[in-house]
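The block underneath contains the structure these notes are about, expressed in structure tokens.
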Amino acid sequence: MAGPVRADTTASASHEVLERVVMLSRHGVRSPTKGLAELRRLSDQDWPAWPVDRGILTPHGADAIRQLGLYLGAQYRRRGLLAADSCPAENSIFVWGDSGDQRTRASAQALAEGLAPGCGLKAHGLAPDSPDVLFDAASGGACPMDADEATKAVIAANGGDIATVPASVAPALAALVQVVAPKACAPGATPASACFATGPAKVVDKGGEVKVDGPLARGAMLAESIFLEYVQGMPADQVGWGRAGTPQALAAILPVHDYQADLTRRTPYIASHNGALLARQIVAGVTGGAVAAPLAPPLAPVPAGARLISILGHDTNLSNVAGLLGLDWTLPGQPDKTAPDTTLAFEVSRDTATGKRYVRVALYYQTLEDLRQAAALTPAHPAGKVDLSLPACGGDRCTVEDFATLVRKAVPAACWR
């Protein structure tokens, strides 16, 4: 879990100079990925309309992630990473977005505009709508999983029975029932199959990607869809039909989503495969090394002078990398652990007294209300920040060399060649 930054007796942070940052971010606020008709089949009422098609970054979402970019750009200028009060030197900022979805492509561009406002900074990526294996290493064939091993790992992580609803999640599922389908899920309601919270559960292999079908999986999708209504800024009486239009109500149902996300994305076997290429890319960025195959073909070579490298993907990617590295956190003021715009920052500093270079991991995010309002973030009203421990290093920092070693140990040997 995230904790307070510990005092470091081997080197003072005041002797450290920030040299490079590699960021991994989730895209901005989007519409639900399921259509309104499909959502309606799992609930008692029609869902509100969105201003964009399903799974698309909204204008509000673009504004919010741009605000985070403005904040992070200003912070890294204050800390000396980037030139102050001017456009960055050519290639000093490099932004790469997942080409496979509009929401990641558009979020990457909005973040780039925030990091260097008025400078015409362009995000990079593959051709629109083409798959980028960097973000999908397992099903993309770069680090394939054994379906049987993945299934065993997920079932074991759920206590040995995939149909079990853990006691820690049961209250959240019950609260979600009262928001989404209080009539369909009422005792004696017919047909019983209309209740999203009933029925069998199973692990399925969907083209190399392991997922869970069943009540918790459906509940996770529904809870996230309601959460998105809130952070999109919909009126409170529309969020969950007025039954989830408060932070307290959202906090009561979001554990269903967070648990399901952890189960299918952070479980070590899955995280180490799905997150393998991203973890390798982070190491290359942290060390300043060249991008090795199979990363080179999908990812344009990062410019040698890049000091801020930003990779824009999905909540799945955040969870995979976190699971691979043993990172975990809770976010004060934000019930979704991987909410839109959430950013892992791997910050590399050099100790001027010893010459050693260290990696620290910080997580930047917007609170629930800041996302809802696309609020401006300033030193007086900052983004949320959680400093994360690196368990494998035994503290809140690693040397660059130790960080590279721990990642290599966490990635399957067959996926590092």
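Things worth noting here:
- Qualifying positions in the range 17-57 - part of a loop (DSSP other than H, G, I, E, B), open to solvent by 20 Å² or more (accessible area, probe 1.4 Å) and either among the aliphatic types (A, V, I, L, M) or closer than 19 Å to residue 92 by Cβ (or both): 42, 49, 52, 56
- Under the condition of being small (Gly, Ala, Ser) and on the phi > 0 side of the Ramachandran plot, the residues counted in the range 79-96 number 1.
- Test: residue in the range 225-237 that is open to solvent by 30 Å² or more (accessible area, probe 1.4 Å) and either among the small types (Gly, Ala, Ser) or at pLDDT below 95 (or both): yes
- When residues in the range 42-54 are screened for being touching a residue at least 40 places away in the same chain (Cβ under 8 Å) and either acidic (Asp, Glu) or more than 24 Å from residue 236 (Cβ to Cβ) (or both), 1 of them pass.
- Scope the range 275-320; condition modelled with pLDDT of 90 or more, part of a loop (DSSP other than H, G, I, E, B) and farther than 23 Å from residue 81 by Cα; matching residues: 275, 314
- Selection of the range 107-136 for residues being open to solvent by 30 Å² or more (accessible area, probe 1.4 Å), small (Gly, Ala, Ser) and within 22 Å of residue 61 (Cα to Cα) yields 118, 120, 123, 125.
Each row is one residue, and each column tells you yes or no for (1) small (Gly, Ala, Ser); (2) without any contact (Cβ under 8 Å) to a residue 12 or more places away in the chain; (3) closer than 20 Å to residue 214 by Cβ.
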| site | (1), (2), (3) |
| --- | --- |
| 117 | no, no, no |
| 121 | no, no, no |
| 134 | no, no, no |
| 144 | no, no, no |
| 153 | yes, no, yes |
| 176 | no, no, yes |
| 189 | yes, yes, yes |
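- In the range 189-202, the residues that are modelled with pLDDT of 85 or more, assigned to a loop (DSSP other than H, G, I, E, B) and not hydroxyl-bearing (Ser, Thr, Tyr): 189, 195, 196, 197, 199, 200, 201
- Identity of the residue in the range 374-400, among the polar types (S, T, N, Q) and more than 20 Å from the chain's Cα centre (by Cα), that ends up farthest from residue 322 (Cα to Cα): 378
- Scope the range 103-160; condition charged (D, E, K, R) and farther than 25 Å from residue 32 by Cβ; matching residues: 113, 122, 146, 148, 149, 152
- Residue pairs meeting the criteria (Cβ under 6 Å; at least 6 apart or on separate chains; first within 11 Å of residue 331 (Cβ to Cβ), in the range 365-392; second of a type in the set (Asp, Glu) and open to solvent by less than 10 Å² (accessible area, probe 1.4 Å)): 366/341
- Per the listing 176, 250, 216, the residue uniquely in contact with a Pro (Cβ under 6 Å, 6 or more places away or on another chain), over 30 Å from residue 407 (Cα atoms) and assigned to a helix (DSSP H, G or I) is 250.
- The residues of the range 205-216 that are open to solvent by 20 Å² or more (accessible area, probe 1.4 Å) and in contact with a helix residue (DSSP H, G or I) (Cβ under 9 Å, 6 or more places away or on another chain), listed by number, are 205, 208, 209, 211.
- Across the range 58-78, the number of residues qualifying as under 19 Å from residue 33 (Cα atoms) and either open to solvent by 10 Å² or more (accessible area, probe 1.4 Å) or over 19 Å from the mean Cα position of the chain (by Cα) (or both) comes to 3.
The values are calculated or read from the model by the stated rules, or taken from the named source; none is laboratory data. All values reported here derive from a predicted model rather than from experimental measurement. Quick reminder, even Gly has a Cβ in these numbers, built from the backbone with ideal geometry, and neighbours come from all protein chains shown. These area figures cover heavy atoms from the full protein model, side chains too; ligands, DNA and RNA do not enter into them. Shrake-Rupley method; radii C 1.70, N 1.55, O 1.52, S 1.80 Å.
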